[in-house]
Structures are given as structure tokens and as C-alpha cells.
Amino acid sequence: MMINYFIYSSPNAVNLENTSILIIGDSHPRRSINPKYFDNAKNISRDAEPFVITYWKLKKIFKSNVPDTIIIGFAPHNISKSNDLNFSKKPERMFKESYPFQQLNDISSVINIDYITFYQTLWKQTGFYPRRNHIILDDDFPWYINNLNNCEGVAKRNYYHNGAQLGFSQTQVNYLDSIINLTNSNKIKLIIVSSPVHSQYLNKIPFPILEKYDGLIEKYNDSHIIFDKTRESYPDSLLMDSDHLNQMGAKRFTTELIEYVKEVNH
């Protein structure tokens, strides 16, 4: 465990040399933004990753690598309190990907954390043999079979718990602001994006969440590039499921994003 601790605590534990564009966030940017259409880009988004973990990860990355541009996924579900529940409802997955740079004590007063599972996960990941790669930065572009019949289930997972509607998470909003401040302080261009979702799923997003989301988009639009396609209709042939694009959808979305950024920069 001590050997592994020194490995993942090193400032050089993350190697993103020659990466000028970082794509970050959860499964939405992971499946909607294909890095191959950019020059020197890497998509390090992870499924179900909340802004809390994204912020911790960026702080670790910036110790040895500071990109020119960051593209971050920001959709209504990202500010739902369901993200807070990830640290107690399905914590092993969260802890497995964040233990090398976690700052759990910073959020323990506002988020319920399953510390027993955290230490079990830490032991499994570090207690048996030395590992070189502790920080997961996959650059794969996942492909899955289309399933457009899961609108109800996805909406319940993102916005409800035990039948009760969840509100927005002030913690996730605060950490999104922290990510924005971190990029500003490092003079990094920040592009905030949201990919299209199925109309049936869009209609199931609670109004208070959408209202808060729209307010934040308006706020961030004053000083950052916003590419918000949440309400844009893509044909079903470009959707993987109710709230993710498939490869063809990602090609269209990524191409539109690149063209939009070029127009804005001109």
C-alpha cells in the first residue's frame, strides 16, 4: 500500500504530454465527442462521473499537464442530487476511480459517504501488488446497441430516489463553479457542451432542474463558449438510447461543435 501510495501521489502520476484538448465529464461527453476529429485531443470522461470527482481529477492533472482547451459536458442531470447519492448508493465504482486524488473530507459535511466501502476499495486497489497506472484515463470511444425504450427508467435514475423527486445539488453546482475557476486561473479556454437527448426523455426532466440549468447556462454564457444542444432534435438513428448518442450521432455532434467553435473564434 505504501509503494502504491507513493506511485499515485507523485505529481507525474498522470501522463498527458502533448495533449492540447481535454474532454471531461460523464457518459454524455464520453459518447458524444469523438477526440479523433480534433488535433491532439483526449477524452477522459467517465460514466456517471460527478463534477466533484472531475474537479479532483483536474487538480491532479494540472500538477504536470495543463492543456490549452477543456471541453466539459454539462447537462441537466449533472446538477441533480442523484450525483450526491453516488457516494453512498453505488460508491465502489466512484471510489475505484477517485481514490488516487480523492478529497472526501471536503464534502463529508454535505454528502453522505460510505467510508467502509471506500477503505475496502482502497485495500483492493493498493494492498496486494504495486501498480503503475492508478488513474483511469481511458481514451476509448464506447459503442453499444441502441435502446430507445428506457426513457422512463433513465429519468427515474437521474431525478428520483425511492419515488421522490430529487432537487438540484448545490454541491455539484459549487464544484462546477470550481472547475470553471480552476480553468480560468490556468488561462485555459473552456467550452461547455450538452448533447441532444430523446424528446420523450427531455419531457420527463423535472421543471425545477431545467430552470436551474437554463439559469446556469445563461450565467456561464457571459464569459465562455456554450454549445447547448439539449433541446435539439436528432433522429432516432443517431441515438444510442434516450440520453446518449451513438457513433454516427457523435460524429455529427462533434463536427457541429468544431464548426461552431470556429465561427465563435472568428
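The values are calculated or read from the model by the stated rules, or taken from the named source; none is laboratory data. Remember, predicted model here, so these are calculated numbers, not experimental data. Heads up, the Cβs are rebuilt from the backbone with ideal geometry, glycines too, and the neighbour counts pull from every protein chain shown.
Go through the stretch 179-221 and give me each residue that's among the basic types (Lys, Arg), surrounded by fewer than 18 Cβ atoms within 10 Å (Cβ to Cβ) and touching a residue at least 60 places away in the same chain (Cβ under 8 Å).
Hit for the stretch 179-221 is Lys189, nothing else.
Conditions tested, residue by residue: (1) under 20 Å from the mean Cα position of the chain (by Cα); (2) of a type in the set (D, E, K, R).
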| site | (1), (2) |
| --- | --- |
| Phe168 | yes, no |
| Lys204 | no, yes |
| Lys219 | yes, yes |
| Arg231 | yes, yes |
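Yes/no matrix, rows are residues, columns are (1) modelled with pLDDT of 95 or more; (2) buried (at least 24 other Cβ atoms within 10 Å of the Cβ); (3) assigned to a helix (DSSP H, G or I):
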residue: Leu22; (1), (2), (3): yes, yes, no
residue: Asp39; (1), (2), (3): no, no, no
residue: Trp56; (1), (2), (3): yes, no, yes
residue: Ser64; (1), (2), (3): no, no, no
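Taking into account only those residues within the stretch 71-108 that are among the aliphatic types (A, V, I, L, M) and crowded, with 21+ Cβ neighbours inside 10 Å, which is nearest to Ile179 (Cα to Cα)?
Only one residue tops the list, namely Ile72.
Taking into account only those residues within the stretch 3-20 that are polar (S, T, N, Q) and more than 15 Å from Asn65 (Cβ to Cβ), which is surrounded by the most Cβ atoms within 10 Å (Cβ to Cβ)?
Restricting to residues being polar (S, T, N, Q) and more than 15 Å from Asn65 (Cβ to Cβ), the top hit is Asn4.
Within the stretch 196-223, work out how many residues are closer than 21 Å to Tyr175 by Cα and modelled with pLDDT of 95 or more.
13
So which helices (runs of 4 or more DSSP H) are wholly in the stretch 110-210 and hold at least 1 residues that are within 20 Å of Asn246 (Cα to Cα)?
151-159, 199-202
State all residues of the stretch 144-178 that are aromatic (Phe, Trp, Tyr), buried (at least 20 other Cβ atoms within 10 Å of the Cβ) and out of contact with any Lys or Arg (no Cβ under 7 Å at 6 or more places or on another chain); if no residue qualifies, say none.
Tyr159, Tyr175
Across the stretch 24-37, which residue is nearest to His198 (Cα to Cα) among those that are assigned to a helix (DSSP H, G or I) and not small (Gly, Ala, Ser)?
Looking at residues that are assigned to a helix (DSSP H, G or I) and not small (Gly, Ala, Ser), I get His28.
Looking only at the stretch 222-248, count every residue that is more than 29 Å from Ser185 (Cβ to Cβ), among the acidic types (Asp, Glu) and buried (at least 17 other Cβ atoms within 10 Å of the Cβ) and tell me the total.
The qualifying residues number 2.
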